[in-house]
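Read the structure below first, then the notes.
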Amino acid sequence: MTKVIRAGTITTASETYTADILIEGEKIASIGQNLTPPGAEIIDASGKLVLPGGVDPHAHFDLPMAGTVTADDHYTGLKAAAFGGTTTVLDFTSQDSDDLGAVLDAWHAKAAKAAVDIGVHMNITHFTPEVARQIPHLAERGVTSLKVFTAYNGRLRLGDGDIFQVMRIARESGLLTMVHAENGDAIDILIAEALAAGHTSPEWHALTRPAWGAVEAVLRSSALAAQAQAPLYIVHMNAAGEVDQLAYAREHGLPVMGETCPQYLFFTADHLRRPDGAKWVCSPPVRSAEDNARLWQGLADGAIQTIGTDHCSFFFDGARPILYEGQPVAIPGKELGRDDFTKIPNGLPGVGDRLPILWTYGVRAGKLSANQFVALTSTNPAKIFGLYPRKGSLAPGADADLVIWDPEKRITYGVAHAQHRTDYNLYENWELVGYPEKVFLRGELIVDREQWLGRPGIGRFIPGQPFASIL
Ligand code: URP
Ligand code: ZN
Ligand code: ZN
């Protein structure tokens, strides 16, 4: 089917101009003036922006945690992403065995119901000679990024020597190492002390995971990457000092890149002190207004390359069902930690919120240009994870993933708008100006205002290309 998106203001990471976009099947065929092929469906975008579909580099679906499972799976979470203008999302797979091929087979089975396009990062949480042997073969299956952890001792953490070795193997194979940067040793001691003293409320989640541990882990990981001569990507950056360390590493010419998430730009540990503070429990924790401000500055001045969501949703009260697609659904969630902050499942909803929230409170607030917004939320993640120019670009030959964005649409946002399968939204009652009007996935209209036109399984696995860009 041929379509023409007529007279929209095309907004990419580097340009803003008015033109028509011709879509042939799943691809952008051409961009130009007055494109009128016979028989084409014409979609008027005058007065609207046309953006490349968002690329979210960091989300978790169908992830078992803390005796429950995330509220969103690969259908519900990715459908929510679509409503928010995101058409490609990178999930993570746990390393449930040392047979990485079997791990990927199991992940593909779960991700088969994806509602937009999807890729996957491989967690490396158990490093053995056999795992070392298998890592170089991951790229043959389209997996080109590995996540390691400097926290969660005895569960997910690797020692520094193992991280160093993973980085070297990754470099040789054109893979990117990603790091969750916190100090697992200090955290474990602080948690034990807090619990022994009877501190059980959500604010202790932040008090036992101090920013200095994250700062130190960013510098340590960057220094390991320097010694391994390997690229590094720091996920979910949350503290001012982390941005300083990232800037330091980059000033020294190291190939280190960083990602932050909306929760670290808008919320602080004060939110954890609210009666419903468990809603904000994620790891690393939300911090202070000074940290928020330094992260914004890092986005504006180019120290930080991407904004992901770390979407990892749970119910606030998993004993009370919500209606999802007409069916009652209740999944145990944050209430599991009512008497002990360490039992609160870690993570927040956000995959659908990212673009609308950042548009109003980033672009319209004057903190980011529209082109920076596209770069941070679509083009840069696509480049870093080997999906560009197929994803993250509006150019002939790219997948026709695009968003017609109404810059004047006003809504009072919240759980009623967001399409996540959970019972709360962090941005309840926030006033938004600017919202997706139509969303196309590989040329197919999947969201038309409030209407869902997609289906389970419409999303496709998009293999990453190794030796991707270092930004
Ligand atoms: O609390 C969070 N962010 N849960 C997801 C796991 C992670 O470390 O990204
Ligand atoms: Zn993490
Ligand atoms: Zn995460």
- Looking at the range 46-71, which of the residues that are more than 20 Å from I307 (Cα to Cα) and crowded, with 24+ Cβ neighbours inside 10 Å is nearest to ligand 1 (Cβ to nearest atom)? T70
- Task: Take the range 437-455 and flag every residue that is more than 23 Å from A29 (Cβ to Cβ) and open to solvent by less than 70 Å² (accessible area, probe 1.4 Å).
- Result: W452
- Message: Condition first: touching a Leu at 6+ places or on another chain (Cβ under 7 Å) and away from ligand 2 (no atom under 16 Å from the Cβ). Now tell me which residues in the range 223-238 satisfy that.
- Response: A225, A226, P231
- Given (1) in contact with a helix residue (DSSP H, G or I) (Cβ under 7 Å, 6 or more places away or on another chain); (2) within 16 Å of ligand 3 (Cβ to nearest atom), where does Q227 come up short, assuming only one miss? (2)
- Item | N153 vs. criteria more than 23 Å from W107 (Cα to Cα), assigned by TED's automatic domain parsing to the domain that holds H58, touching a residue at least 24 places away in the same chain (Cβ under 8 Å) and surrounded by fewer than 20 Cβ atoms within 10 Å (Cβ to Cβ) | yes
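Suppose we filter A151, A186 for residues that are of a type in the set (A, V, I, L, M, F, W, C) and within 16 Å of ligand 3 (Cβ to nearest atom); which single one remains?
A151
Does A40 satisfy being open to solvent by less than 50 Å² (accessible area, probe 1.4 Å), touching a Leu at 6+ places or on another chain (Cβ under 9 Å) and free of Cβ contacts under 8 Å to residues at least 60 places away in the same chain? Let's see the steps before the verdict.
Numbers: open to solvent by less than 50 Å² (accessible area, probe 1.4 Å): yes; touching a Leu at 6+ places or on another chain (Cβ under 9 Å): yes; free of Cβ contacts under 8 Å to residues at least 60 places away in the same chain: yes.
Answer is yes for this residue.
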- Cβ pairs under 8 Å, 6+ apart or interchain, first in the range 307-326 and without any contact (Cβ under 8 Å) to a residue 40 or more places away in the chain, second within 16 Å of ligand 1 (Cβ to nearest atom) and of a type in the set (F, W, Y), ordered by first then second residue, are none
- Residue satisfying all of: in the range 233-262; assigned to a helix (DSSP H, G or I) and open to solvent by 10 Å² or more (accessible area, probe 1.4 Å); nearest to D301 (Cα to Cα) among these: A247
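Any idea which of P321, P262, P255 is at pLDDT 95 or above, within 16 Å of ligand 1 (Cβ to nearest atom) and at negative phi?
P262
Tell me which strands (runs of 3 or more DSSP E) are completely within the range 24-79 and hold 2 or more residues being in contact with a Pro (Cβ under 8 Å, 6 or more places away or on another chain), or say none if there are none. So that I can check it myself, show each step before the final result.
Details: elements: 27-32, 41-44, 49-52, 54-56.
Ranges flagged: 27-32, 54-56.
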- Identify all residues within the range 14-36 that are out of contact with any Gly (no Cβ under 8 Å at 6 or more places or on another chain) and either open to solvent by less than 40 Å² (accessible area, probe 1.4 Å) or hydroxyl-bearing (S, T, Y) (or both); write none if there are none. S14, T16, Y17, S30, G32, L35, T36
- Restricting the range 303-322 to residues that are open to solvent by 30 Å² or more (accessible area, probe 1.4 Å) and closer than 24 Å to V89 by Cβ, the residue that is nearest to the chain's Cα centre (by Cα): F316
- T200: passes all of (1) open to solvent by 50 Å² or more (accessible area, probe 1.4 Å); (2) free of Cβ contacts under 8 Å to residues at least 60 places away in the same chain; (3) of a type in the set (S, T, N, Q) but (2)
- Task: Take the residues in the range 80-92 that are touching an Asp or Glu at 6+ places or on another chain (Cβ under 8 Å) and in a strand (DSSP E or B), then tell me which one is nearest to ligand 3 (Cβ to nearest atom).
- Result: L90
- Tabulated pairs, the range 56-74, first closer than 22 Å to S378 by Cα, second among the hydrophobic types (A, V, I, L, M, F, W, C) and open to solvent by 30 Å² or more (accessible area, probe 1.4 Å), C-beta under 8 angstrom, 6+ apart or interchain: H74/A112
- Message: Yes or no: the range 61-75 includes at least one residue that is acidic (D, E) and within 14 Å of ligand 2 (Cβ to nearest atom).
- Response: no
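The values are calculated or read from the model by the stated rules, or taken from the named source; none is laboratory data. Keep in mind it's a predicted model, so treat the numbers as computed, not measured. Cβ atoms come from the backbone with ideal geometry, glycine included; neighbour counts cover every protein chain shown. These area figures cover heavy atoms from the full protein model, side chains too; ligands, DNA and RNA do not enter into them. Shrake-Rupley method; radii C 1.70, N 1.55, O 1.52, S 1.80 Å.
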